[in-house]
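Only the coordinates and a few stated rules stand behind these numbers; no lab work does. Only a predicted model underlies this, so the values are computations on that prediction, with no experimental measurement involved. Ideal geometry is used to build each Cβ from the backbone, glycine not excepted, and the neighbour counts take in all protein chains shown.
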Ligand SMILES: Nc1ncnc2c1ncn2[C@@H]1O[C@H](COP(=O)(O)OP(=O)(O)O)[C@@H](O)[C@H]1O
Ligand SMILES: [Mg+2]
């Protein structure tokens, strides 16, 4: 009978069964994607590991169920043990250019300030860390470097062998432009000065082995975006916008800047959705720009108080709708990054 050998299922039959199971985000089957590892078959006992492309995988429950069902179709008595592990795929251009052990760099941008870019950067980073990823945040906002505050960090990083050691909170490594700026002084950095400072935040920092480094950019479409894109390959960019109609054109400008720099767009997040500002701006912006609408984050005073006290809402009020939305968005973004790093471009491969 098919798939049976001395009354028990064969490894080949298991692999064949698993080749009918789709990775829902990556649009291919688990076998073609080389995600099945350490398969063992002993009598009716089948065990294997599904190697995910991110620990923040949104649909592992679904994959587990479908895998078990597919095997049971050919071997109804099989006892199936599914383990999960993950190996984040990396954008190998980064290591090539910067010599830092960072697999993916994600820019978070907006057309204008005050839309919640830093809030989103912080909570996305903490969400990915909660899912088990190794994450850093680079705060490149020269106008308002408030990422340390949002993480509850104060003071400056140590310097070891001429490199800054990132501060750490909520499992995330943090470096801020604020650390390079004289205390209490408004600095207007442009052109070469700004470019040098942004470069320093990559190469003069002892970044750990990170799956994702999230860069919080200053608002707008100017020097900082250009410097960032010149300093390092960017795996992708996210645009944060507000629900109101007027925000749409800002978002559009923000995205256009990255398109010119040939940075892949991951999508648009609408922040502060709800009764006060309404909703729909994010979707509209995504449609006009021609990129994906990733979802929205509710307006919730706890998001603000969390930011002010260094306790991101995903930690402080994990059951709130806003926190849940952010956790979902983080997983979606992780899945999109996996897709981007699977592109047939030979320069983009697993590291
Ligand atoms: N979803 C939200 N609900 C309530 N307040 C928010 C939300 N997102 C951001 N805020 C608040 O709005 C203000 C601006 O957010 P911030 O992240 O600093 O914006 P940006 O970095 O774009 O300038 C902050 O006080 C922040 O706490
Ligand atoms: Mg900010």
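A few remarks follow.
- DSSP finds beta bridges in the stretch 4-86, and of those with both partners inside it, around 55 percent are antiparallel.
- With Cα atoms, 0 to 90° folded angle of helix 117-130 axis to the chain main axis: 30
- Nearest-ten-degree value, helix 245-260 long axis tilted from longest Cα axis of the chain: 80
- Centre-to-centre separation between the Cα atoms of the stretch 137-213 and those of the stretch 7-52: 43 Å.
- Protection proxy ranking, peptides 232-240, 202-210, 326-334, average beta carbon neighbours within 10 Å, highest first: 232-240, 326-334, 202-210
- Convex hull of Cα atoms in the stretch 87-193, direction-averaged projection (nm²): 8.2
- Spin-label pair residue 15-residue 161: with each label point 7 Å from Cα along the Cα-Cβ axis, the two points sit 4.2 nm from one another.
- The stretch 57-74 and the stretch 226-291 have Cα centres spaced 35 Å apart.
- Debye intensity ratio in log₁₀ form over the Cα atoms of the stretch 197-299, taken at each q of 0.16, 0.19, 0.24 Å⁻¹: -0.72, -0.92, -1.22
- Take every pair of alpha-carbon atoms less than 8 Å apart whose residues are at least six positions apart; their mean separation over the length of the stretch 4-86 yields a relative contact order of 33 percent.
- Residue-averaged 222 nm ellipticity for the chain, from DSSP H runs of 4+ at -39500 (n - 2.57), nearest 500: -11000 deg cm²/dmol
- A full extension of the chain between residue 168 and residue 256 corresponds to an added length of 28.4 nm, given 0.36 nm per residue minus the alpha carbon distance.
- A P(r) calculated from all alpha carbon pairs of the chain, with 10 Å bins opening at zero, reads 5, 24, 30, 22, 11, 6, 2, 0 percent.
- Stretching the chain fully between residue 28 and residue 305 yields a gain of 95.5 nm (0.36 nm per residue, less the alpha carbon separation).
- Most simply put, the stretch 92-341 has about 15% antiparallel DSSP beta bridges, counting only bridges with both residues inside it.
- Cα long-axis angle, helix 191-203 against the chain (0 to 90 degrees, to the nearest 10): 40
- The stretch 193-351: antiparallel DSSP beta bridges as a percent of all, rounded to 5: 10
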